[in-house]
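Scroll down for the structure; my scribbles are underneath it.
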Amino acid sequence: MNTRKIFVVVAAAAGMLTLGVVLPASAAPGDTAATLTVSGGSLSITVPAAAALGAWTNVVGGGTISGPLGQVEVSDARSAAAGAGWVATVISTAFTPTGNPAIAASLVSYTAGPITKTGTATYTANDPSDLTGVTPAVTATAITGDNSATWNPTIHVHIAGGTAAGSYLATITHSVA
Amino acid sequence: MTWRRATRLSRHALVALAAAAVGAVPTSAASTPLSSAPQPPQAGSLGLRLVDAPAIARNDPRAQIYIVDHLAPGTVINRQIEVSNTTASTAHIILYPSAASIDKGSFLGASGHTPNDLSTWTSVFPGASDVPAGGRVVSTVTIAVPTDAAPGEQYGVVWAETRSAPTASGGVIQVSRVGIRLYLSIGPGGPPAANLTIDSLTAKRSPDGRPLVVAAVHNSGGRALDLNGSLQLSAGPGGLSAGPFLATLGVTLAIGDTEPVIIALDKRLPAGPWDVQITLRSGLLERSAHATITFPAAGASASINTTTARHGWVPPLSAHLAVDFILVGLAVLIVLVVRRQSRRAGRPRAV
């Protein structure tokens, strides 16, 4: 009985040694899982600037104003063999003026334009026609190793005839995971 | 053209959808958003990486870039994440968990701070940081699964977010988020087994003339899968072999879902027939399948059901059950024998 107990303790200690286990210093009570340090790189996305679409003069029947959002670059230096590539999504709020009806995000569309790439990967632009919900904008597939994609998206806002004059503001979010 | 015609038809109301707040731009490199000319890649970005992974999953490549775990109710885990800022100025970055879902083969993080059960169990500390130019900050993600958590797999994302400075007079405020995916399975005991089946292979020709192999992949296990893999062609015309070709990544397969995985091949490949061996992986799971296909001149040819390459023969369910019964029977026998022997060994000491 005693010998069996000793054997278990020795085995556990040997296991800890061979695995090189590091217990996190900040382990909370109940935290049982040991962790290892990961040496992979980061997934990153361009820090954006505010964008302007210019001015629009109302027309009968409405029309569309288009403008670039500025360059978006996604770069993936993680261990690409591990995961499922990455998906960059886009979503917009409504264009909201002060005191007037807003222009709904369903009237905002997105085109990625040409995608410049480094590394081996296939990038697919989805060019969503409605930015109300989270929608894939660019998807990376067939990746070998580190890769990056750069595109210069343009958004198109449909403005109905008779839209009230004013300054309209929207928030557009690019997410990558 | 339409723009000019539109201007001619103009009325007086002016919708100023902007007023370039370019002065509020955080980096000089990004200060030309109005130009659509190609620009060189810039360094000014927000990065995020996982710093540690569970020791038990050290062989699982998915666990090195995502938070993938199976936890019993009442468990608390901590993971460290590192935010980096490669811009030339300090960036205010907020970190928070939010919900995610798997839709049509894509892992999609929900908008903003949309919650789900998993996101409410997850916290990030510190949740906001001013990361200096070229600097890095480490935060701790804590997931505390409540004791009454329902079993099943849940998805989420831990986001690092930064936004452009507010504009005074219209335009677009831009937000960038980069995230680490969370795949968390809840339940007692060991994790549900992951499994997949490659049901059929279809030979197609893309509109630009490339031969395509489309595999119908079914997630028959209890965990979501991030697929990658390869395709090998052999026994082609004149005994040709080709490959391995990398299978399309970017497919996340929800539990129970079937999605196409597309592998694009070289235009110059002869039509076939080819013996195709496809191997798909997700983490430590690996499955192969085999079929003979011929690429059509255009469009798609009929789907071919695959055979499992590894075993060559897939035993019917009844055969599986018979083998299982024999194994269970053997195990019970061994346990009984060992017990009897240890009881005999223990008796003299007890007396």
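Phi-derived couplings, Karplus 6.51 cos²θ - 1.76 cosθ + 1.60 at θ = phi - 60°, listed residue by residue for the range A:127-136: 6, x, 9, 8, 9, 5, x, 5, 10, x Hz, with x used for Gly and Pro.
Pairwise alpha-carbon distances in the range B:104-146 exceed 11 Å for 75% of all pairs.
Here the Karplus curve 6.51 cos²θ - 1.76 cosθ + 1.60, taken at θ = phi - 60°, turns the phi angles of the range B:121-126 into couplings of 8, 9, 9, 10, 9, x Hz, with x standing for Gly and Pro.
The fewest-to-most ranking of A:Ile172, B:Ile304, B:Ile93 by surrounding Cβ atoms within 10 Å reads B:Ile304, A:Ile172, B:Ile93.
Pull up all non-local amide H partners of B:Gly222: gap of 5 or more, or a different chain, and H-to-H distance under 5 Å with H placed in the peptide plane. Distant-sequence amide H within range of B:Gly222: B:Ala193, B:Ala194, B:Asn195. Based on a Kirkwood Rh over C-alpha pairs, give the Stokes-Einstein translational diffusion coefficient of the range A:43-176 at 20 °C and viscosity 1.002 mPa s in µm²/s. It comes out at roughly 135 µm²/s. When peptides B:59-67, B:137-145, A:54-62 are ranked by their average number of other Cβ atoms within 10 Å per residue, the highest-first order is B:59-67, B:137-145, A:54-62. Kirkwood-type hydrodynamic radius, the range B:196-313: 14.2 Å, calculated from all non-identical alpha-carbon pairs.
Between B:Leu240 and A:Asp127, the distance separating the two model label sites (each 7 Å from Cα on the Cα→Cβ line) works out to 3.3 nm.
Using the Cβ-Cβ distance between B:Asp208 and B:Arg339 with R0 = 56 Å, the FRET efficiency computed as 1/(1 + (r/R0)^6) comes to roughly 0.25. Taking amide hydrogens as placed 1.01 Å from N in the peptide plane, the amide H of A:Ala94 sits under 5 Å from those of A:Ala105, each at least 5 positions away in sequence or on another chain.
Relative to its Kirkwood radius, the Cα radius of gyration of the range B:69-196 gives an Rg/Rh of 1.04. Taking other C-beta atoms within 10 angstrom as a stand-in for reagent exposure, A:Asp76, B:Asp117 fall in the order B:Asp117, A:Asp76, fewest first. With contacts taken as Cα pairs under 8 Å and at least 6 residues apart, the range B:196-313 reaches a relative contact order of 33 percent.
Spin-label pair A:Thr37-B:Ser301: with each label point 7 Å from Cα along the Cα-Cβ axis, the two points sit 5.3 nm from one another.
Relative to its Kirkwood radius, the Cα radius of gyration of the range A:136-177 gives an Rg/Rh of 1.16. Applying 1/(1 + (r/R0)^6) with r as the Cβ-Cβ distance of B:Val138 and A:Asn100 and R0 = 51 angstrom yields a FRET efficiency of 0.65.
Values quoted throughout were computed directly from the atomic coordinates according to the rules given, and no laboratory measurement underlies them. Nothing here was measured: the structure is a model prediction, and the numbers come from that model. Cβ: placed from backbone, ideal geometry, glycine included. Neighbour counts: every protein chain shown.
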